[in-house]
């Protein structure tokens, strides 16, 4: 499937069907999915452990490393979308609402070029 032709809802339905076909819905409580998501995020982070920021950019340009990194990112996204499905959260709405709160917290005139937390700007 080409990425420009697949919607988030279609991905959610594909992931749901995968779980249903294997009778895994019994294991997909929000608690378990949130833990699996954290574990997969840790596996993604492991690729960059102990390297400098610039080196991490180079890892993403290396074809062999990129495949492994993409696999871990896919796991993170799969669990995030599965969590959204099980928790009845529309990920598009959640992202849009969070981005609006971020715009309010991090106005360009205060946050541009800074990594400070919003309450420290």
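How large is the helix-only mean residue ellipticity at 222 nm for the chain, computed as the sum of -39500 (n - 2.57) over DSSP H runs with n ≥ 4, divided by its residue count, in deg cm²/dmol to the nearest 500?
Numbers: 6 runs with 83 residues, N = 121.
That comes out to -22000 deg cm²/dmol.
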Gain on full stretching of the segment that runs from residue 101 to residue 59 - 0.36 nm per residue minus C-alpha separation: 11.9 nm
Three-way shape label, region 29-83, alpha-carbon gyration tensor, a/c 1.5: prolate
Angle between the chain longest axis and helix 91-105 axis [Cα atoms, degrees, rounded to 10]: 10 degrees
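Listing 12, 89 from the residue with the fewest other Cβ atoms within 10 Å to the one with the most, what is the order? Could the numbers behind the result be given before it?
Working: 12 17, 89 13.
The order, fewest Cβ neighbours first, is 89, 12.
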Peptides ranked, highest mean first, by Cβ atoms within 10 Å: ranges 81-88, 40-47, 100-107: 81-88, 40-47, 100-107
Rounded tilt (10° steps) of 8-21 against the dominant C-alpha axis of the chain: 40 degrees
Over region 13-121, relative contact order from alpha-carbon pairs under 8 Å, at least 6 apart, %: 31 percent
With Cα atoms, 0 to 90° folded angle of helix 30-46 axis to the chain main axis: 50 degrees
Prolate/oblate/rounded label for the chain (Cα gyration tensor, a/c 1.5): oblate
Approximate spin-label separation residue 50-residue 87, in nm, with each point projected 7 Å along Cα-to-Cβ: 3.4 nm
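No value in this document is a laboratory result; all are computed from the given coordinates. This one's a predicted model, so the numbers in the text were calculated from it and none came from an experiment. When we count neighbours, we look across all protein chains shown, and the Cβ atoms used for this are built from the backbone with ideal geometry, even at glycine.
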